[in-house]
Amino acid sequence: MSGHHHDHDHHHDNHYTAIEARVKALETLMVEKGYVDPAALDAIVDTYETKIGPRDGARVVARAWTDPAYAERLKADATAAVAELGYGGRGGEHIVACFNTPEEHNLIVCTLCSCYPWPVLGLPPVWYKSPAYRAKAVIDPRGTLADFGVTLPENQRIRVWDSTAETRFIVIPMRPAGTEGWSEDKLATIVNRNAMIGTGLASVEDAA
Amino acid sequence: MNSAHDLGGQMAFGPVVPEPNEPVFHGDWEKRVLAINVAAGAMGAWTIDEIRHARESLPPAQYLSSSYYEIWLAALDKVLVEHGFLSSEELATGKPAPERREPKRVLKGEEVAGVLRRGFPYERKAKAPARFAAGDEVRTIVMHPQHHTRLPRYARGKQGVIERVTGCHVFPDAGAQGQPETAQWLYTVVFTGRELWGRDGDPNSTVSIEAWESYLEPA
């Protein structure tokens, strides 16, 4: 209908949304005033978009599953043990590995913000940062796991780790049955991100 | 500070809703907020605790209705103005004024990989022995400071057990207030679900927090 008109309440005449325009303006100011190097911004984005991610954590888990001496070092000092594989640094200066057992399942949360083991898992997913997860994980861990379709045996204890300091946690899931004789590379394909947060389990169905 | 960020145990947010095949970023602006946040932090003008406090100080309704990158952006604007790097006028107009604060350092593109790999370790040399040892029964203090703290409300005044002595770490409560850096022993303290939540707690669950020494008293 030709009589239809749009009732726009935004006044900028470019194609940016309000938040995009704000960010663009801030970046321009920061660069023009010499506070940030544009090349550094691009390198930071590239690092977290393409270089660091859950596949790094999966390598740590697969190594722990296949090398008992490595698993012991990971238990004793995870920061040093992940550094053996080349991982570490910002957002994971102090890492603790939480090993799942038939008696106890581990679940990681940060109720106060969104602390997460960046060097081994990359950036956290939106749900990890959401009020729903941060509120519920500590008071109703079994209900939280149910939101992810995970049901544990009732007699398996749940240990929730609230990341209130710069210590960052990674869950080492249990190695699934039926993976005997698998290579470390193949094992790494069944370690998904949620299994290393504790909202999932490693499963042979994820095998590549 | 008792604000909206201290979410542990709150209700009515509904179920956790994971997004299938979630991308790392949901738009270019998120990438830029992450990168500006990391690069601006590398100027060395504020601590991680100070910018966390800036995020927590957002009005609760704004905090809860913002995405995490929106929260980061709002806090970044705030600390940049507070530290004299930008003015509110510049942020409003997007036009740089001639006045400028010289940063201590500017992270160069070629330094990024090394700086991120080294990180910013928070452990410091201890000036005194740790007061508690693994196995000790402790009780967290009750406090309601106006300033930043990392002792969540749900874990105040609760009895737990020291599981691990983590090391002597930078104390966030002081750093967030712009005070000179201090460090305290940091412990992993484990509480039962029943201790934290009474009859509504899961009897077969435990929760741990990382607690600085001044958060704890012998039980």
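What average count of beta carbons from other chains do you get within 10 Å of the Cβ of residues in B:80-92? Working shown, then result.
Numbers: counts 5, 0, 0, 0, 0, 4, 5, 1, 0, 0, 5, 4, 2.
Mean shielding count: 2.
Shielding of A:138-149 by partners, i.e. mean partner chain Cβ atoms within 10 Å per residue? Could the numbers behind the result be given before it?
Working: counts 16, 13, 8, 6, 4, 3, 2, 1, 2, 5, 3, 1.
Taking all residues of A:138-149 together, the mean is 5.
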Report the trypsin sites (Lys or Arg not before Pro) located in segment B:69-127 that are in a DSSP loop and have at most 12 other Cβ atoms inside 10 Å of their Cβ, or state none.
B:Lys104, B:Arg105, B:Lys125, B:Lys127
Return the distance in nm (one decimal) between the two label points of a simple spin-label model at B:Ser66 and B:Arg101, each offset 7 Å from Cα along Cα→Cβ.
1.9
Chain A, helix-only ellipticity at 222 nm - DSSP H runs n ≥ 4, -39,500 (n - 2.57), divided by all residues, nearest 500:
-11000 deg cm²/dmol
Between segment A:133-164 and segment B:83-103, what is the C-alpha centre distance in whole Å?
45
Taking 7 Å along the Cα-to-C-beta vector as the label spot, tell me the A:Ala146-B:Arg194 distance in nanometres, rounded to one decimal.
2.2
If the only charges are +1 at each Lys and Arg Cβ and -1 at each Asp and Glu Cβ, what is the size of the charge dipole of segment B:113-219 around the Cα centre, to the nearest 20 debye?
260
Dmax and Rg, reported as Rg then Dmax, of segment A:77-125 (C-alpha, Å)
11.9, 33
Among A:170-176, B:24-30, what's the highest-first ranking by average C-beta atoms within 10 angstrom per residue?
A:170-176, B:24-30
As an exercise, identify the GluC sites (Glu not before Pro) in segment B:86-174 lying in DSSP coil whose Cβ has no more than 16 other Cβ atoms within 10 Å.
B:Glu99
Theoretical gain in end-to-end length, A:Phe99 to A:Lys24 [0.36 nm per residue, Cα-Cα removed]:
22.7 nm
Given R₀ = 25 Å, what would the calculated FRET efficiency be for A:Glu84 paired with B:Ala113, taking r from the Cβ atoms and rounding to 0.05?
0.85
Let me spell out the model: positive unit charges on the Cβ of Lys and Arg, negative unit charges on the Cβ of Asp and Glu, origin at the Cα centre of the protein assembly as shown. What dipole size does that give, in debye rounded to 20?
840
Shape verdict for chain B, please, from the Cα gyration tensor: rounded (a/c under 1.5), prolate (a/b greater than b/c) or oblate.
prolate
Using only the Cα atoms of segment A:25-179, each taken as one equal point scatterer with no solvent, compute I(q) by the Debye sum, divide by I(0), and report log10 of the ratio at q = 0.12, 0.13, 0.15, 0.19 Å⁻¹.
-0.60, -0.69, -0.88, -1.25
Neighbourhood charge, 11 Å Cβ-Cβ cut-off, centred on B:Thr140 and excluding it, Lys, Arg +1 and Asp, Glu -1:
+2
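Reported to two decimal places, what Rg/Rh ratio describes the protein assembly as shown when computed on Cα atoms with Rh from the Kirkwood expression?
Working: Rg = 22.2 Å, Rh = 22.8 Å.
My calculation puts Rg/Rh at 0.98.
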What average count of beta carbons from other chains do you get within 10 Å of the Cβ of residues in B:100-107?
3
Distance in nm between label sites at B:Met11 and B:Ser214, each 7 Å beyond Cα in the beta-carbon direction?
3.5
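What is the dipole size for segment B:13-155, taken about its Cα centre, with +1 at each Lys and Arg Cβ and -1 at each Asp and Glu Cβ, in debye to the nearest 20?
On the way: 20 positive and 19 negative charges, 139 e Å.
The calculation lands at about 660 debye.
Can you give me the Rg/Rh ratio for segment B:104-219, using Cα atoms for both radii and the Kirkwood formula for Rh? Mind showing how you got there, number by number?
On the way: Rg = 17.1 Å, Rh = 16.0 Å.
Ratio value, two decimals: 1.07.
Just so you know, all these numbers are worked out from the coordinates, no wet-lab data involved. All figures in this text were calculated on a predicted structure; none of them were measured in a lab. Ideal geometry is used to build each Cβ from the backbone, glycine not excepted, and the neighbour counts take in all protein chains shown.
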